[in-house]
Structures are given as structure tokens and as C-alpha cells.
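Student: Pasting in a structure now, in C-alpha cells, and then I'll have a few things to ask.
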Amino acid sequence: VLFKSDNICRERDASALHWEMLPDGEIGLRAPDGGGPISEEHSFSVLSDGSFFCVYRTIDGHPTVAYSRDGGHTWPKREYMRYADGRLVYHPRAANFAWRASNGKFLYWYHNNCNSWYDERNPVWVLAGEEADAPEGRVIHWSQPEILLYDDDSYIRMSYPDFVEDDGRYFVTETQKDIARTHEIPAAFLEKLWSQQSL
């Protein structure tokens, strides 16, 4: 679910905050029909037309994506994530986040394998995302994958990331249960990823 507050930016008393739970009704964002019972760790982004984009993990070997055109009240279509050419994206039961960068492009963190459990979180892969028009509104087209991080120890499980921009520099954070690390990503790497002619 997504929690919405209409007064969080102006109300200083936490007990006076108004909260609304979205989507409407009694059922939150789930895997596509016929998918498994797990849909967790939702990552939300707002597109240039105000649409909401959400990606989240399942145990189906693929992440699920959904769009809302009404501020999160309804999410009419849930489907497994695909590359721009229509192929399915593979991902295990691990955190997978999408971030909108200051240039309007997107970066997606995932693990590029179809394991249905918690393992196989090394290496980390990324996709570049770019908005495109669709009959229902703006959508994100995703590039081909590139490796972002890896560890020589195949048992290392990098996960729970975040993305930070600072004065033209890019950083990602990740944790491995008992250690947290920050990595500076060369700007040239991301700029080349974002500049692919066809996502």
C-alpha cells in the first residue's frame, strides 16, 4: 500500500497528520493474476505527467510493475516488467528499486536472474529508463542491462539500495545484513547508459 498525507508538509504536530491508505478498497498492489502470493518492497516514482510508477518484488522470477493515473487510488494493470523490446526482466526475491534522476531519466537496480528466493544478489545490474508516450499516459521504457556492482565472493548479497546525486556526482548505497557501504559511480558510466539511442 501507499500512504498519503495532505498536510505533512505544513503540520508540525505529528498527532494531527491526516493519512489515507491507497489504493482504494481492501486489496493493495499484488502480483499479476496467476502469480505467487508475494508482492513486497514497493518502489514508487512520479512521471512527468503526474502518473505514478511502481515496481516491486515477487517470487515469480520477475518484478511486477504498475501505473496509477489517478494519484494512487487505482492501479488498473499489474504486469511483469519488460525491456523496451518486450522481453521479460528476471529478478529474484530481493529489493529492486527505480529512481528518477535530476535529468528526468530513471535508474533501476535489480539482479537479473530468475531465482525465486532470497539468494543470488550478486552481481547488481542496472537498467536505464526513459519516459515514452502510451495511449493511457506516460510509461517507462527500459534499456538493456549493465553490471553496476559485484563481489568476488558469490555468497555476498548486496541489497536495500539507495541512489544519491550531489553536484554532478552519483552514489549508490547497499547493505549486506552486517555491513553498509556507499559507492561512487562514475558519471560517465551512467551518462553512457542513459544516452543509449533506443531503450
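Student: If you plug each phi of segment 120-132 into the Karplus form 6.51 cos²θ - 1.76 cosθ + 1.60 with θ = phi - 60°, what whole-Hz ³J(HN,Hα) values come out, in order, with x for Gly and Pro?
Tutor: Using θ = phi - 60°, the values come out as 6, 10, 8, x, 9, 10, 9, 10, 8, x, 9, 5, 9 Hz.
Student: Let me ask something additional. Report the FRET efficiency, 1/(1 + (r/R0)^6), for residue 20 and residue 40, where r is their Cβ-Cβ distance and R0 is 35 Å, rounded to 0.05. All intermediate terms of the calculation are to be shown ahead of the outcome.
Tutor: Details: r = 21 Å, r/R0 = 0.61.
The formula returns an efficiency of 0.95 here.
Student: Sticking with this one: State to the nearest 20 debye the size of the charge dipole of the chain about its Cα centre, where the only charges are +1 on K and R beta carbons and -1 on D and E beta carbons.
Tutor: Working: 20 positive and 32 negative charges, 42 e Å.
Rounded to the nearest 20 debye, it is 200 debye.
Student: I'd like the carbon and sulfur percentage of the solvent accessible area for the chain, probe radius 1.4 Å, heavy atoms only, ligands and nucleic acids excluded.
Tutor: 50 percent
Student: Per residue, how large is the accessible surface of the chain? Use a 1.4 angstrom probe and give square angstrom.
Tutor: Working: 10750 Å² over 199 residues.
Spelled out: the 1.4 Å probe surface of the chain, per residue, equals 54 Å².
Student: So which GluC sites (Glu not before Pro) in segment 105-153 are both in a DSSP loop and have at most 11 other Cβ atoms within 10 Å of their Cβ? Working shown, then result.
Tutor: Details: sites: 120, 130, 131, 136, 146; in loops: 120, 136.
Of the GluC sites (Glu not before Pro), the ones in loops of segment 105-153 whose Cβ has at most 11 other Cβ atoms within 10 Å are 136.
Student: With unit charges on the beta carbons (Lys and Arg positive, Asp and Glu negative) and the dipole taken about the Cα centre of segment 69-129, which residue among 94, 111, 128 sits farthest to the positive side?
Tutor: Of the listed residues, the answer is 128.
Student: 5 Å is the cut-off here: which amide hydrogens, built 1.01 Å from N in the peptide plane, fall below it relative to residue 59, excluding neighbours closer than 5 in sequence?
Tutor: HN-HN under 5 Å from residue 59: 36, 38.
Student: Which of 102, 48, 15 ends up with the largest GNM mean-square fluctuation for the chain, with Cα atoms connected below 10 Å?
Tutor: Greatest mean-square fluctuation among the candidates belongs to 15.
Student: A further question on this structure: Rounding to the nearest 20 debye, state how big the charge dipole of segment 1-77 is about its Cα centre with +1 on each Lys and Arg Cβ and -1 on each Asp and Glu Cβ.
Tutor: Details: 7 positive and 12 negative charges, 33 e Å.
For this selection, approximately 160 debye.
Student: Taking the C-alpha atoms of the chain, how large are the radius of gyration and the largest Cα-Cα span, Dmax, in Å?
Tutor: Rg then Dmax for the chain, in Å: 17.2, 50.
The values are calculated or read from the model by the stated rules, or taken from the named source; none is laboratory data. From a predicted model like this one, the values you see are computed outputs, not experimental measurements. Backbone-built Cβ (ideal geometry, glycine too); neighbour counts: all protein chains shown. Calculation scope for accessible area: heavy atoms of the full protein, side chains included, ligands and nucleic acids excluded. Shrake-Rupley method; radii C 1.70, N 1.55, O 1.52, S 1.80 Å.
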